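Here is the structure we will look at, set down as structure tokens.
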Amino acid sequence: MIELQGRTAVITGAGRGLGAALALSLAQAGCNLVLCGRNPAALETLADRIASTTGRRPASVAVDLADSESVRRAVDAITRSHNHVDLLVNNGAMWLEARDTPHSAEEVLTVINSAVTGTFLFTQGLLPLLRRSAHPDIVTIGSVSGLPNAPLQTVSVPFYAAKRAQAALADGLRQMLAGTPLRSIVVHPPYLDDVQPGEPEWAEAAERAKGTRGTNRDVVDAVLFAVTRPRHITLSIVLDADDGGVFPAQGG
Ligand SMILES: NC(=O)c1ccc[n+]([C@@H]2O[C@H](COP(=O)([O-])OP(=O)(O)OC[C@H]3O[C@@H](n4cnc5c(N)ncnc54)[C@H](OP(=O)(O)O)[C@@H]3O)[C@@H](O)[C@H]2O)c1
């Protein structure tokens with residue numbers, strides 16, 4: 001089994017939800033982290049928790065992926081403080097649910113720009129640091145909504161389009177980086193229950209019955225599996241809950 005001990009991992013959207021679960025799990029696996037997100041207070045709280053459990057305090061870098069200037073500043077900050085990056089987890093992306101009223105231009109721009117424009121610019125900006133790693137990986141957290149012919153369900157059309165583009169981004173990077181040491185791995189989650197390491201639900205999540213909703217733990221386990229494969233293998237993983245995560249209305 002390939003060890004993650006001592007690797008430097010950058011995670012976007014790290015302040016809460018899946019990003020926080022990934023951060024806690026990668027820290028537990030021995031990674032040194034750079035926590036990136038829009039909410040510095042949430043990043044600091046998480047950094048405190050990781051420092052108290054592992055003895056290693058993550059760095060925190062503010063980034064709004066929907067703002068290209070913020071992305072540029074974040075890339076500069078990481079480049080100044082780190083001489084290499086082993087793992088970049090592109091987790092941050094704005095969620096937008098379907099509704100009957102029109103979406104604002106701001107919402108549409110933010111959904112597309114966080115998942116696609118900012119994620120691409122952030123990745124491109126960190127490529128020089130990734131190229132200095134002996135085992136560099138980019139992991140993109142997509143969505144089953146981003147797969148061809150995925151049902152729209154309760155997802156807004158802009159989010160659906162952004163996740164399709166993000167799947168293409170991960171695949172394009174994989175092709176662009178073929179023949180180099182870098183891997184572009186993608187994990188497509190279904191709808192998730194937000195469970196966190198240390199909560200009782202985290203242990204329960206490892207033993208869910210078929211037909212039950214996916215959780216953050218399923219994604220974390222998939223990411224850990226993918227990045228610890230021998231380097232001639234690049235995985236694209238679809239986490240398929242029954243019906244792609246479609247659940248009957250309550251009582252239905
Ligand atoms: N939860 C699910 O059911 C589900 C299913 C499939 C795929 N995913 C994907 O999993 C990833 C994590 O989502 P989640 O489950 O934790 O729930 P989420 O509510 O979709 O969280 C979105 C994450 O992205 C960050 N984010 C949003 N806009 C951002 C921006 N402009 N710049 C930087 N960060 C931004 C958020 O950070 P802030 O704290 O700054 O808002 C948050 O950490 C996302 O890519 C999401 O699309 C989630």
Residue hits (region 17-28; in contact with a strand residue (DSSP E or B) (Cβ under 9 Å, 6 or more places away or on another chain) and more than 19 Å from Pro189 (Cβ to Cβ)) are Ala27
Somewhere in region 166-175, is a residue under 27 Å from Asp240 (Cα atoms), assigned to a strand (DSSP E or B) and either modelled with pLDDT of 95 or more or not small (Gly, Ala, Ser) (or both)?
no
Of the residues in region 134-144, those that are more than 7 Å from the ligand (Cβ to nearest atom), free of Cβ contacts under 8 Å to residues at least 60 places away in the same chain and either open to solvent by 10 Å² or more (accessible area, probe 1.4 Å) or of a type in the set (Phe, Trp, Tyr) (or both) number 1
If the Cβ limit is 7 Å and pairs must be 6+ apart or interchain, which residue in region 226-252 that is surrounded by fewer than 15 Cβ atoms within 10 Å (Cβ to Cβ) and at pLDDT 95 or above pairs with which residue that is in a loop (DSSP other than H, G, I, E, B) and not hydrophobic (A, V, I, L, M, F, W, C)?
Arg231/His135
Restricting attention to region 29-39, report how many residues are open to solvent by 10 Å² or more (accessible area, probe 1.4 Å) and out of contact with any strand residue (DSSP E or B) (no Cβ under 8 Å at 6 or more places or on another chain).
2
Within region 230-252, identify whether any single residue is in a helix (DSSP H, G or I) and either touching an Asp or Glu at 6+ places or on another chain (Cβ under 6 Å) or within 12 Å of the ligand (Cβ to nearest atom) (or both), and answer yes or no.
yes
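Those residues that are within 12 Å of the ligand (Cβ to nearest atom) and either among the β-branched types (Val, Ile, Thr) or without any contact (Cβ under 8 Å) to a residue 60 or more places away in the chain (or both), I need them from region 177-190; list them, please.
Kept after step one, since they are within 12 Å of the ligand (Cβ to nearest atom), are these residues of region 177-190: 186-190.
Val186, Val187, His188, Pro190, listed by residue number.
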Hey, Ile2 hits all of (1) at pLDDT 95 or above; (2) open to solvent by 10 Å² or more (accessible area, probe 1.4 Å) but one; which does it fall short on?
(1)
Criterion first (away from the ligand (no atom under 15 Å from the Cβ), touching a residue at least 60 places away in the same chain (Cβ under 8 Å) and charged (D, E, K, R)) does Arg174 satisfy it?
yes
Which ones in region 198-223 are open to solvent by 20 Å² or more (accessible area, probe 1.4 Å) and either within 16 Å of the ligand (Cβ to nearest atom) or in contact with a Pro (Cβ under 7 Å, 6 or more places away or on another chain) (or both)?
Glu199, Glu201, Trp202, Arg208, Thr212, Arg213, Arg217, Asp218, Asp221
Members of region 206-226 found to be part of a loop (DSSP other than H, G, I, E, B) and of a type in the set (A, V, I, L, M), listed by number
Ala206, Ala209
Residues of region 139-162 satisfying the condition of being touching a helix residue (DSSP H, G or I) at 6+ places or on another chain (Cβ under 6 Å), closer than 25 Å to Leu24 by Cα and outside any loop (DSSP other than H, G, I, E, B)
Val139, Thr140, Val144
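The values are calculated or read from the model by the stated rules, or taken from the named source; none is laboratory data. Keep in mind it's a predicted model, so treat the numbers as computed, not measured. Please note: Cβ atoms are built from the backbone with ideal geometry, for glycine as well, and neighbour counts cover all protein chains shown. Just the protein is used for accessible areas: all its heavy atoms, side chains included, with ligands, DNA and RNA removed. Shrake-Rupley method; radii C 1.70, N 1.55, O 1.52, S 1.80 Å.
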